[in-house]
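For reference, the structure discussed in these notes is given below.
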Amino acid sequence: MVISQLFILSSRGDHLIYKDRGEADRDVIDTFYEKVTALKGDQPPVVMNHKDLHFVHVKQGGLYWVATTTADSSPFTIIEFLNLAALVKDFCGGISEKAVQMNFALIYELLDEVLDHGYIQTTSSDILKNFIQTEAVSSRTFSLFDLSNVGLFGAETQQSKVAPGSAATRPIQSSREQGGKSEIFVDVIERMSVVIGSNGVLMKADVEGEIRVKCYMPNCSMRIGLNEEFCIGKAQVRYGAAVRVDECSFHQMVQLEEFDSHRILRLCPTQGEQTVMQYQLRDELPAPLPFRLFPTIERDPAGLLMYLKLRCDLPPKSAINVSIFIPVPKGSVLSQELSSPDQNAELQQQNRAVVWRIPRFSGGTQLSALFKSQLDVPALSSASMLELGPVALTFELPKLTATGLLIRFLRLTPVQPGTPQRWVRYVTHSDSYVIRI
Amino acid sequence: MTDSKYFTTTKKGEIFELKAELNSDKKEKKKEAVKKVIASMTVGKDVSALFPDVVNCMQTDNLELKKLVYLYLMNYAKSQPDMAIMAVNTFVKDCEDPNPLIRALAVRTMGCIRVDKITEYLCEPLRKCLKDEDPYVRKTAAVCVAKLHDINAQLVEDQGFLDTLKDLISDSNPMVVANAVAALSEIAESHPNSNLLDLNPQTINKLLTALNECTEWGQIFILDCLANYTPRDDRESQSICERVTPRLSHANSAVVLSAVKVLMKFMEMLPKDLDYYGTLLKKLAPPLVTLLSAEPELQYVALRNINLIVQRRPEILKHEMKVFFVKYNDPIYVKLEKLDIMIRLASQANIAQVLAELKEYATEVDVDFVRKAVRAIGRCAIKVEQSAERCVSTLLDLIQTKVNYVVQEAIVVIKDIFRKYPNKYESVIATLCENLDSLDEPEARAAMIWIVGEYAERIDNADELLESFLEGFHDESTQVQLQLLTAIVKLFLKKPTETQELVQQVLSLATQDSDNPDLRDRGYIYWRLLSTDPVAAKEVVLAEKPLISEETDLIEPTLLEELICHIGTLASVYHKPPSAFVEGSRGVQHKRLPGSAGSGESVESPDTGSAAGVPDAPPAVIPSQGDLLGDLLNLDLTPPATSGPPPPATSGLQLGAMDLLGGGLDSLMGDESEPLGGDLGGGSAMGAGFGAPPAATAAPFSAPVSGGLDDLFDLGGGVGMPMGAYSPPKTVWLPAMKGKGLEISGTFARRGGVIQMEMTLTNKAMSVMTDFAIQFNRNSFGLAPAGPLQVLTPLSPNQSIEVSLPLSTVGPVMKMDPLNNLQVAVKNNIDVFYFSCQYPISMLFVEDGKMERQVFLATWKDIPNDNEAQFQIKDCHLSSDAASSKLQGSNIFTIAKRTVDGQDMLYQSVKLSNGIWVLAELRVQTGNPIFTVCLKCRAPEVSQCVFQSYEAVLKN
């Protein structure tokens, strides 16, 4: 249960922050760095050990956040705790090597309150605010311009799974002094996992979603209203266009008195970012699938002829950053015909896959592509046909939730002086969208 | 102006400049200077020279500056202990500050300064802070007790801080409770026997109340603490489960896992027919599934835990197969774990779905994953019989791809399928043989060779195929060599006429041209078998193989139970018990699951395994990779049906076998035993057993003739013991594995004033054992054999003999650890074996151990109180009189008895064989099953042993 050491390293291995229980040895920092950089891709990086020390780390903002322990501690606790990165981000306004260096006094002060003798005390920014004396030093002045593209999410969100929301780079405490802009962001983020069988049958369709609140307002309490017809579990069936999820979990601070009757979440968000609700839906989508693929594959003496028709069923909305990965037999050479010039396609030899990219795909339309793949192997065996597919898609669907979950209203109490800015944003990402052919 | 500039100054004179700035009058300047100092400290520069100047800044009312100075102090106090004392006064003063933040800060920082001198000053402020009116200060002080305990455990006990800490469990503030629990849990770990965290229904209730109110991290501390509690009955168990279940929907995965751990453990106590049991099972699935939507790091850790849970209670997730289907963008380590769980959950109901998935996986890009997927198809075939046919045809499809590693994996798993369903799928052998040339991995080659050998009679050109392997025999790995040897012997036994040359070739390659002892041994065994009795050989080598079990790679049940108790911790990720990786494994107790309710009936559904420690015999052999023949050698050797002269076909081999036996073997054994035997002075007849004519060595193969002799020698055993004297049951001291077939079990007894070492020697080897001798190492009480070990007749295979060896107490003395440890060497014609055993110290209690009353009183007073040791004996349901007479039987004499307030106090004395007196006070409360023993002795180190004897005697 006990964390022996905690340190933050830059991606080059420079020591930025270090704290221990008193008995530990600092040399292990370098040992850790050697180990983590020597790690191969197929090894689980989660827990590593050196003699009787166990390292647990996460990489956030290009920094290694590492905790060590000598006891049989819980890696869950430690990984959840290393979410500390988010806390540091809230207090310092961002995490980068520079931000950490500039704010080291603040971070040490935070760590002192967060971790006492290796026991985690609290990670709630609301409580911590009362204890922290040091002012954050912002690496970049906050500009309103960053807020202008609300609703669009950053491009690398596929991996990090968290919409970074460019509005979020300012320290929470500065609002206290500046009396600055009061703002609240509520993001509904969903991730789809879909498998469509080779016969076109939907084999699996799961959605994981969460509601995140990012708050730049002291002492506010808010009510978030969800669709009234929102229901949980399989047993509850209501008439009409019900929005259904299988499972739902809430952040500790959410009060649920009004949830059962009116689907209202009541909470006093702490300043900074938090996930207030998580939910899953399995094996049932309320709307038609966003993408359907109609492949025609012909074998001819020269190689493979793949004619792909991809249909997007999202009217009136559209998808962005769509990529289609088509694994092809080893040794293929490609020629292509695409239906419009803004698309592109290339063959990635090391993954033996064709990647077809579509930057913007309007709902209700259909695109097609013709790939000719020539094999340098003389005869195409039925065995190498097995290497073809499955096709995987990645995409973003802005302003849309797959479950149909919507925020009905967002009310703040007490009524704030001035008009607080309230933003509600929706996005659905592909998590794993696979079409077998 | 930003902090980053602090990192840039590296010039000389820097320390000098800082010194000046630290002593500046301006507060801002001071603060900046301290920040610079700490920045240098962080990057590893030595700024300890500034210690006095920084400490001077400590007395300030600026909280930010104070915090910075404290930070510096923590780091350098250790290297400057004398200077650190300078800071003590400020600390003590700050502990009295009206601002609770400062009080807490001071007590927190003081605890972090690991300097002995400071700890003396810490006690008083700490005591005050533990009772502070502000919960923030109390919770900080609670942690400080743990810090102080780390530095000086004795001090913490002496000052009574532990009791205060226990009181804090009932604090009104949940944060304080959580920290007190955390601190106590850690301190209790270093005192495994202490009753620090005395969990009873009242404290549990308090903890459960605090659970609802405290932070997520506090909840983890409390849940982990709850997991160590053993409820009294299934009702209590259920009520705790009911109050813990809401934690399953917490957003923090660590809270969820800690709750799962508590529930998995307490569920053991619930009767399975209870409605609530079913409800609970249903509630456990969703949170586990939810964990899989976390980031890959957490997913991996979660999957490792789910793997354990699925092995223990597959019913929880049996409907959730789909969530374990891999996503194309999962990292490989997540994919592999998911695959493993998919196999464990595979059943007749979902096999079609699983198989369809696996087939898709088998054509992916990643080699490791594809291999494992192919292997998984084979495991499905073995697990779900109805699917076997479909699995085999899937595997054949995959072999057609000719992708090298796919083919090889497929062949390895098809071999297992053949073993599970013999004579069913042999039609595919032809397809397999086509791929013979492409196999380059030892495992696949070995599997293919096994298949050819096993089905030699159906493969026309089996001899050619095997011969082709034989050409490069010496370049093959051991695995392949062993397999080839066995396969050719099988072939020979099936088609003796055509393959005689081949078998001779392989036998000579294995025995004469190889340096590998395993290969040579196996070669010799076959050679001897074939030369003595080919009929027997046929029965042995071609015997029906035991079926392989359905589940592979299962974690052994006792380890699994222990790991279930450690769900959510590192142990559950490594799949190793904590003792295997936690330093010193100090007082690590192997945790066990509590027994199920209604313990009378041991009828448990087989899928859940044994509840509490009754080890299940594995239902069938689990195939371990690369050792197909292991089971062959373990088969019972049945006597041959005919014992006529060997058929002429093998007579040519007979000669060779003789030669081999007469040759190097016995001289080899003789050499080996010399240095070892010298010590015992009995090297005389060494090697004699092996010099015997080959007939003798061959004997075990023909028939265990001497089996019937057992009864004759049994006479010596079972001599009745005098009533009362306690002698523990025999335990195995030397297992046959370590004794080259000799098993020794034994115990100690005291009869008529003589200590007897009673042993059962069992010969589990195949040859006769003779020339036994015994010797002891020096030990704490000078125990030594009073005569030679009386084993008059040779010990035949499968025979055992009871020996009683009288012991004297006049041998050389050396203090052992533990005190009653005895190291023994036993020699026979084969080797010298060493083992150690522990004797109950009650064997040393002499008959004239009754002390005079007056002497007793005087001695009791005379022995200093420091030498007093107190123990508790639990669950003892004897009256004081019965206890007294029972103890008397083992020479523990009651001198006086006193009754105060319904509590009997027996005063007792014991004399050890070396003249040490032990005085005892035994307190027995009528109706209370807990006895208290107070021992006083001039040599207090014996107390622990004497207490163990007390407990053993009273409980038997």
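Can you pull the three principal axis extents for the Cα set of the stretch B:731-839, in Å, largest first?
Ordered largest first, the stretch B:731-839 gives principal extents of 39, 28, 21 Å.
Starting from the Cα gyration tensor of the stretch B:784-854, take the square roots of the eigenvalues, sort them a ≥ b ≥ c, and report rounded, prolate or oblate (rounded when a/c is under 1.5, otherwise prolate if a/b is larger than b/c, else oblate).
It is prolate, given that a/c is not under 1.5 and a/b is the larger ratio.
Tell me which of A:303, A:351, A:319 sits at the most positive position along the dipole axis of the stretch A:291-398, charges placed on C-beta atoms (Lys, Arg +1; Asp, Glu -1).
A:319
May I ask for the Rg/Rh ratio of the stretch A:66-139, computed from Cα atoms with Rh as the Kirkwood radius, given to two decimals?
Taking Rh as the inverse mean 1/r over Cα pairs, Rg/Rh reads 0.97.
Which is farthest toward the positive dipole end of the stretch B:22-130 among B:102, B:56, B:68, measuring Cα position about the Cα centre, with Cβ charges +1 (Lys, Arg) and -1 (Asp, Glu)?
Result: B:68, furthest along the dipole toward the positive end.
For a quick check: sort B:217, B:733 by the number of other beta carbons within 10 angstrom, fewest at the front.
Going from least to most buried by this count: B:733, B:217.
Run a plain Debye calculation on the stretch B:844-955 (Cα atoms as equal point scatterers, no solvent) and give log10 I(q)/I(0) at q = 0.12, 0.13, 0.23 Å⁻¹, rounded to two decimals, same order as the q list.
Debye output, listed in q order: -0.36, -0.42, -1.43.
Could you give the size of the charge dipole of the stretch B:140-200 about its Cα centre, using +1 on the Cβ of each K and R and -1 on the Cβ of each D and E, expressed in debye and rounded to the nearest 20?
The dipole of the stretch B:140-200 has a size of about 120 debye.
Using the number of other C-beta atoms within 10 angstrom as an exposure proxy, rank A:335, B:909 with the fewest first.
Fewest to most other Cβ atoms nearby, the residues stand as A:335, B:909.
If you take the charge dipole of the stretch B:172-320 about its Cα centre, with +1 on Lys and Arg Cβ and -1 on Asp and Glu Cβ, which of B:204, B:262, B:218 is farthest toward its positive end?
Of B:204, B:262, B:218, it is B:262.
With +1 assigned to the C-beta of every Lys and Arg and -1 to the C-beta of every Asp and Glu, and no other charges, what is the dipole magnitude of the stretch B:198-239 about the Cα centre in debye, to the nearest 20?
100
Looking at the stretch B:30-115, which GluC sites (Glu not before Pro) are DSSP coil and have at most 16 other C-beta atoms within 10 Å of their C-beta?
The qualifying sites are B:96.
How would the stretch B:214-316 be classified by its alpha-carbon gyration tensor: rounded, prolate or oblate, with rounded meaning a/c under 1.5 and the a/b versus b/c comparison settling the rest?
Oblate shape, in that a/c is at least 1.5 and b/c is the bigger or equal ratio.
Please arrange B:364, A:228 by counting, for each residue, the other beta carbons lying within 10 Å of its beta carbon, fewest first.
Least to most surrounded, the residues fall as A:228, B:364.
How compact and how long is the stretch A:5-128, expressed as Rg and Dmax of its alpha-carbon atoms in Å?
Reported Rg and Dmax, both Å: 13.7, 40.
Which value in Å is the Kirkwood Rh of the stretch B:300-420 over different Cα pairs?
Result for the stretch B:300-420, one decimal place: 14.4 Å.
Run the numbers on the stretch B:475-525 and let me know its relative contact order in percent, using alpha-carbon pairs under 8 Å that are six or more apart.
About 35 percent, as a whole number.
About its Cα centre, how strong a charge dipole does the stretch A:5-128 have in debye, to the nearest 20, once Lys and Arg get +1 and Asp and Glu get -1 at the Cβ?
In debye, rounded to 20, the stretch A:5-128 gives about 420.
Taking just the alpha-carbon atoms of the stretch B:508-556, what radius of gyration and Dmax come out, in angstrom?
15.4, 42
For residue B:823, project a label point 7 Å along Cα to C-beta. Then give me every residue of the stretch B:753-780 with its amide nitrogen under 20 Å of that point.
Output list for this probe position: B:773-780.
Readers should treat all values here as calculations from the given coordinates under stated rules, not as data from a laboratory. None of these values were measured; they are calculated from a predicted model. Here the Cβ is made from the backbone with ideal geometry for all residues, glycine too, and neighbour counts use every protein chain on show.
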